[in-house]
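The values are calculated or read from the model by the stated rules, or taken from the named source; none is laboratory data. Keep in mind that this is a model prediction, so the values were computed, not measured. Cβ atoms come from the backbone with ideal geometry, glycine included; neighbour counts cover every protein chain shown.
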Amino acid sequence: MSKYQELANAVIKGDTQQVKQITQQMLDAGEQPLAIINEGLIQGLNEVGIRFKEGEMFVPEMMMAAQAMKGGVELVKPLMAGTDMPTAGTVVIGTVKGDLHDIGKNLVIMMMESSGFNVVDLGVDVPVDKFIQAVKDHKPQVVGMSALLTTTMPVMKEVINALDKENLRSAVKVVIGGAPVSKEYADEIGADGYAGDAVVATEMCKQLLN
Amino acid sequence: MEKFLSNYDEQVTPRLKWVTETQLEQIHYASLEVLERTGIKVQHPQALALLKDAGCMVKDDLARIPGWLVEECLRLAPKRVAVANRLGERVMPLEKNRVYYGTGSDLPFTIDIETKERRTSSKRDVVEAAKVMDFLPNYDFIMSYAIASDTNPAVSDLHQFEAMTANTGKPVIFTAHNAENTEALIEMAAACVGGEDNLRKNPYIILYSEPISPLVHTLDGVGKMFKCFEYDVPVVYTPGVLAGATTPVTKAGCITLMNAEALAGVVMAQLFKKGSPIVIGGGATPMDMRTTTTLYGAPETSMNYAVMTQLAQFYGLPNFTEAGCVNAPVPDVQAGVEAAMSILMTQLEGCNLVHDVGYLEGGKTGYLPFLVICDDIIDMARYTGRGTNTSPEHLAVDCIDQVGPGGNYMGHEHTFKHFRQEIWNPRYFIRYHWEQWEAKDKKLPIDLALEKVKDILEKHQPAALPNGAAEEMQAIIKRRETECAG
Ligand code: B12
């Protein structure tokens, strides 16, 4: 088995200790940092994604794998000065004003981060202007909103309107989700996408940015 | 026979016990340790001040509650909460092992009985659900089932309450957005029984409010609860969790955390006002680790309620759990299994308020005919829970002797006398011989249930509101609407 394969396997197992160990060995042996990330760490996590979709792996295993990958990335990162860290894009995400449900949002964040997105989490109960400010500050490609209450769903429209008003709407893709939200509602308020679970949410964002 | 009845053990009705007294104590002490060591986050300033004054260690919004204070407040909380219906009859005493069933609130989607399509829920769905459950004998209390999405979101809770109380005389468990709306809703409830005094005397409404796991008590959640206690309205203050996400994944860990949260509620309630009627328990659902859905219909959920009900009985406090809520998206075989298993368990345990009956798709979708099916399931569970009578008359030795070897019991008076009590009769489940079933157009239980729903909606007249109450409720909603807009 190649060292890269070994590294990917350690990610799949969710073994942070081992991932760090192998990554360090590879760095010491002079492997390219970017290659370690792309061909080792990300390969492992991609495989986890596939197995999750097929129902062979479960959420906690995926979370451990993502953590293990992070452990490796942290070792490699300082050596990558000059080269850009590969990222799938920046996402600003939050649960809208009046709503405190965050389990779904947190899962979406976890999935997106492990698929290479840089995610800015605004937390729960996020007012319209905080979304707008975050878009200005972080210049994301995607704005994600979560709402689990029928009473808070309209805030998502308010955010879209505010983005319009600030001339920021065309700069971002807006994606939404949460238990009472639907594809129809997304169309109705002029969002770019809706997803019913974290895996689809991540795939959708990748497609939207392609 | 009767004269030999000394030295005799009898279990009149079966009782399910899941864990031992020692295990309950273990969970109790573990919960006390959580409250003392980790503490709770309290976003309600008055509650935080009360906790501090009572001897909790408070730092910022974190309060560590000492065990003795919990024990003290447990002593103050009423062991019995009598709940009335809208007509002032005290029909639902929450005490000991009495079991009452009702549905849950706020389903965002409804399967339309005409089109069979899933669509967004509306106020009309709340009206219809209330009417259907008002008619069905095994629903003891009403929750909104659907959510009134077509009303102004600022006062949709008030619209839901109006829809319920106008269409049922049964006790109502309500949800509300905040303390202000709770007060308006109490005013509406009072209007339906001739004033606040009558409401205090015979409360027919119960608030359902929640802490946020793990260990967070919000401004709204606590505020709504305190508002109710001002009017002696009972409160269910219980967490709804996702084990593996908001609590430990282990069942005992999930129960320990939930129990700590509920006990913190008991403490805040009793510090606010001695004797405040509070109900403990909660929704102990795990998260499905494949799909991330909420597992309402899973065995773990029922197993957790078995322990939590015993815990409530150990404290002598009324409790709130759930059953008859399923993950099946439509009322099919899976739905029946999930509903029946959980309903029977709660019946045998003796949970007081069993809610969420008739939820589909893990608490997101409703379908009225499923409520009818669940009514039959509850009927069957209640029948089962009545147990097996072993009196001499039921042992039937005389009858056996009269019939003798080779005879038959069909024409015997003993059969005639007892068969209605001894053999349960479903109303919607089917027991025909094949040919009989064919002759009845091969209808399935769900078809019969749909017919029943249509029949109820057309014919059933719930107990009328007193004169002027409907108008008064509308005026209160209008007023709140203006206040919220301003
Ligand atoms: C757990 C829960 C709670 C917990 C929340 C804990 C927490 N930290 O989040 C607590 C107990 C605090 C709670 C409180 C309340 N809740 Co609640 N809650 C739920 C429950 C049971 C599960 C939600 C959940 O976390 N699911 C698991 C996650 C993983 O799924 P998910 O959130 O749907 O997320 C997935 C997808 O939707 C999607 N997704 C989510 N967000 C996003 C965002 C983007 C951008 C994308 C692309 C995708 C996406 O991907 C996620 C991962 O796969 C639901 C019922 C249900 N089955 O949904 C009710 C539910 C959402 N709650 C409800 C209600 C009414 C309330 C309360 C008002 C109750 C009350 N009266 O006090 C309060 C409101 C508090 C507030 N102000 O927010 C109603 C909502 C009805 C409505 N439409 O308005 C529901 C539907 C239950 C019901 N039928 O009554 N609740």
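Which is over 15 Å from the mean Cα position of the chain (by Cα), surrounded by 21 or more Cβ atoms within 10 Å (Cβ to Cβ) and not in a helix (DSSP H, G or I), of B:VAL193, B:VAL126? Please lay out each step first, then the result.
Numbers: B:VAL126 fails: not in a helix (DSSP H, G or I).
Every option except B:VAL193 fails the conditions.
Look through B:THR115, B:THR165 and report the one residue that is in contact with a Cys (Cβ under 9 Å, 6 or more places away or on another chain) and more than 14 Å from the ligand (Cβ to nearest atom). Walk me through it before giving the result.
Numbers: B:THR115 fails: in contact with a Cys (Cβ under 9 Å, 6 or more places away or on another chain).
So the residue among B:THR115, B:THR165 that is in contact with a Cys (Cβ under 9 Å, 6 or more places away or on another chain) and more than 14 Å from the ligand (Cβ to nearest atom) is B:THR165.
Exactly one residue out of B:ASN319, B:ASN352 is more than 14 Å from every other protein chain (Cβ to nearest Cβ), farther than 30 Å from B:LEU457 by Cα and away from the ligand (no atom under 16 Å from the Cβ), and it is B:ASN319.
Of the numbered criteria (1) in a strand (DSSP E or B); (2) in contact (Cβ under 8 Å) with a residue 60 or more places away in the chain, the one B:PRO93 fails is (2).
On the stretch given as the range B:18-33, residues that are free of Cβ contacts under 8 Å to residues at least 24 places away in the same chain and assigned to a loop (DSSP other than H, G, I, E, B) total 1. Here A:SER182 fulfils each of the conditions (1) in contact with a Ser or Thr (Cβ under 9 Å, 6 or more places away or on another chain); (2) within 14 Å of another protein chain (Cβ to nearest Cβ); (3) near the ligand (Cβ under 8 Å from one of its atoms) apart from (3).
Inspect all residues belonging to the range B:366-377 and state whether any of them is within 20 Å of B:ILE430 (Cβ to Cβ), in contact (Cβ under 8 Å) with a residue 24 or more places away in the chain and of a type in the set (D, E, K, R). Explain how you work it out, then say what you get.
First, pick out the residues of the range B:366-377 that are within 20 Å of B:ILE430 (Cβ to Cβ): B:367-377.
Narrowing the set further to residues that are in contact (Cβ under 8 Å) with a residue 24 or more places away in the chain leaves B:367-377.
Filter again for of a type in the set (D, E, K, R), leaving B:375-376.
Within the range B:366-377, one or more residues are within 20 Å of B:ILE430 (Cβ to Cβ), in contact (Cβ under 8 Å) with a residue 24 or more places away in the chain and of a type in the set (D, E, K, R).
The set of residues in the range B:153-174 being touching a Leu at 6+ places or on another chain (Cβ under 9 Å), within 14 Å of another protein chain (Cβ to nearest Cβ) and surrounded by fewer than 23 Cβ atoms within 10 Å (Cβ to Cβ) consists of B:PRO153 alone.
Within this structure, A:THR151 passes the test of being in contact with a helix residue (DSSP H, G or I) (Cβ under 9 Å, 6 or more places away or on another chain) and under 16 Å from B:PRO153 (Cβ atoms). The residues on offer are B:ILE446, B:ILE477, and the sole one that is surrounded by 18 or more Cβ atoms within 10 Å (Cβ to Cβ) and under 30 Å from B:ALA179 (Cβ atoms) is B:ILE477.
Looking at B:ALA323, B:ALA262 in this structure, which one is outside the structural domain of B:LYS364 (by TED's automatic domain parsing) and either under 29 Å from B:VAL81 (Cα atoms) or at pLDDT 95 or above (or both)?
Working: B:ALA323 fails: outside the structural domain of B:LYS364 (by TED's automatic domain parsing).
Checking each option against the conditions leaves just B:ALA262.
Once the range B:189-220 is narrowed to residues that are under 30 Å from B:THR38 (Cα atoms) and polar (S, T, N, Q), the residue that is farthest from the other protein chains (Cβ to nearest Cβ) is B:SER209.
Residues in the range A:185-200 that are more than 19 Å from B:THR365 (Cα to Cα) and modelled with pLDDT under 95 were compared, and the one that is farthest from the other protein chains (Cβ to nearest Cβ) is A:VAL200. One residue alone among A:VAL135, A:VAL124, A:VAL142, A:VAL108 is β-branched (Val, Ile, Thr), near the ligand (Cβ under 8 Å from one of its atoms) and more than 22 Å from B:ASP157 (Cα to Cα), and that residue is A:VAL108. Scanning the range A:156-178 for residues that are within 14 Å of chain B (Cβ to nearest Cβ), surrounded by fewer than 21 Cβ atoms within 10 Å (Cβ to Cβ) and of a type in the set (A, V, I, L, M) yields a count of 0.
At least 1 residues being polar (S, T, N, Q) is the threshold, and among the helices (runs of 4 or more DSSP H) wholly inside the range B:375-486 those reaching it are B:397-403, B:413-422, B:434-439, B:469-485.
Within the range A:81-95, restricting attention to residues that are under 12 Å from A:VAL126 (Cα atoms) and near the ligand (Cβ under 10 Å from one of its atoms), the residue that is nearest to the other protein chains (Cβ to nearest Cβ) is A:THR95.
Selection of the range B:238-255 for residues being at the interface with another protein chain (Cβ under 10 Å from one of its Cβ atoms) and more than 24 Å from B:LYS224 (Cβ to Cβ) yields B:GLY244, B:ALA245, B:VAL249.
Among the numbered conditions (1) near the ligand (Cβ under 9 Å from one of its atoms); (2) part of a loop (DSSP other than H, G, I, E, B); (3) surrounded by fewer than 18 Cβ atoms within 10 Å (Cβ to Cβ), tell me where A:VAL200 comes up short. The number of the failed condition is (2). Screening A:GLY98 on (1) on the phi < 0 side of the Ramachandran plot; (2) within 14 Å of another protein chain (Cβ to nearest Cβ); (3) surrounded by 16 or more Cβ atoms within 10 Å (Cβ to Cβ) shows it passes everything except condition (1).
Contact map, the range B:100-125: first residue in contact (Cβ under 8 Å) with a residue 60 or more places away in the chain and away from every other protein chain (no Cβ under 14 Å), second residue in a strand (DSSP E or B) and within 11 Å of the ligand (Cβ to nearest atom), Cβ cut-off under 6 Å, separation 6 or more or different chains; pairs are B:GLY102/B:HIS355. For the range B:243-282, a residue qualifies if it is more than 16 Å from B:CYS73 (Cα to Cα) and among the charged types (D, E, K, R), and exactly one does: B:LYS251.
Output yes when any residue across the range B:263-285 is within 14 Å of chain A (Cβ to nearest Cβ), over 15 Å from B:SER209 (Cβ atoms) and within 16 Å of the ligand (Cβ to nearest atom), and no when none is. The answer is yes, given that some residue of the range B:263-285 is within 14 Å of chain A (Cβ to nearest Cβ), over 15 Å from B:SER209 (Cβ atoms) and within 16 Å of the ligand (Cβ to nearest atom).
Is it the case that the range A:125-136 has a residue that's out of contact with any His (no Cβ under 8 Å at 6 or more places or on another chain) and in contact (Cβ under 8 Å) with a residue 40 or more places away in the chain?
First, pick out the residues of the range A:125-136 that are out of contact with any His (no Cβ under 8 Å at 6 or more places or on another chain): A:125-136.
Filter once more, keeping what is in contact (Cβ under 8 Å) with a residue 40 or more places away in the chain: A:134-135.
So far as the range A:125-136 goes, yes, one or more of its residues are out of contact with any His (no Cβ under 8 Å at 6 or more places or on another chain) and in contact (Cβ under 8 Å) with a residue 40 or more places away in the chain.
Condition first: touching a Pro at 6+ places or on another chain (Cβ under 6 Å) and not in a loop (DSSP other than H, G, I, E, B). Can you find one or more residues in the range A:63-79 that meet it? Taking every residue of the range A:63-79 in turn, at least one turns out to be touching a Pro at 6+ places or on another chain (Cβ under 6 Å) and not in a loop (DSSP other than H, G, I, E, B). Checking the range B:243-262 against the condition returns no match, with no residue being under 20 Å from B:GLY102 (Cα atoms) and either out of contact with any Leu (no Cβ under 9 Å at 6 or more places or on another chain) or not aliphatic (A, V, I, L, M) (or both).
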